[in-house]
Amino acid sequence: MHREELQVGTRVVDTGRGVRIHKTVSEHPHHIDETLLYDELDVRHVIVDKIVPLSQAPSARQEGDTLIVPVVEEVLVTERRLRIKEEVHITRIQRSRTQSGTVMLRAEDVVVERFDEGPHKEANSTIRR
């Protein structure tokens, strides 16, 4: 009969004296041109001057890109009615503009210096991000 056995363990191995890491950060300007969107509001007061019953009190409504907000007042007559005094028409106009500027970008350079004495001695290496 044939049988295999396995033993697992750990041991400490001296791989060298260590490493020294040098890191430098440099900044350099970078020019950007970006198109930004923004909204402008065109507000107009439109005179309506219309009497309506209390049961038909108007509410705000949207017509395309324009929000219409009725402005009402109570008028005392023999009976009370609502008169639409005016409407406020608010139109959204989308515009764009180009904004220029300079931003600072950073670059990192890392130099790893090894102090190995053994046969697997590695040369200095540089890492750039």
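The values are calculated or read from the model by the stated rules, or taken from the named source; none is laboratory data. Bear in mind that the values here come from a model prediction, so they are computed numbers and not experimental data. Neighbour counts are summed over all protein chains in view; Cβ atoms, including those assigned to glycine, are modelled from backbone coordinates with ideal geometry.
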Handout entry: Number of positions in segment 102-128 that are at pLDDT 75 or above and aromatic (Phe, Trp, Tyr)
Key = 0
Fill in the blank from the handout: Conditions (1) exposed (fewer than 10 other Cβ atoms within 10 Å of the Cβ); (2) hydrophobic (A, V, I, L, M, F, W, C); (3) within 30 Å of residue 109 (Cα to Cα) -> residue 13 fails only (3)
Fill in the blank from the handout: Checking 53, 58 in turn, the sole residue that is within 42 Å of the chain's Cα centre (by Cα) and either modelled with pLDDT under 80 or surrounded by 10 or more Cβ atoms within 10 Å (Cβ to Cβ) (or both) turns out to be 58
Practice task
May I ask you to say which residue of 59, 26 is among the hydroxyl-bearing types (Ser, Thr, Tyr) and within 30 Å of residue 110 (Cα to Cα)?
Solution key: 26
Practice task
Could you tell me which residue of segment 64-87 is farthest from residue 54 (Cα to Cα), considering only residues that are surrounded by 10 or more Cβ atoms within 10 Å (Cβ to Cβ) and within 33 Å of the chain's Cα centre (by Cα)?
Solution key: 65
Practice task
Go through segment 3-48 and give me each residue that's among the acidic types (Asp, Glu) and part of a strand (DSSP E or B).
Solution key: 27, 33, 34, 39, 40, 42
Practice task
Determine the pairs where a residue that is farther than 10 Å from residue 26 by Cα, located within segment 92-111, has a partner that is modelled with pLDDT of 90 or more and outside any strand (DSSP E or B) with Cβ atoms under 9 Å apart, the partner being 6 or more residues away or on another chain.
Solution key: 92/65; 93/65; 94/65
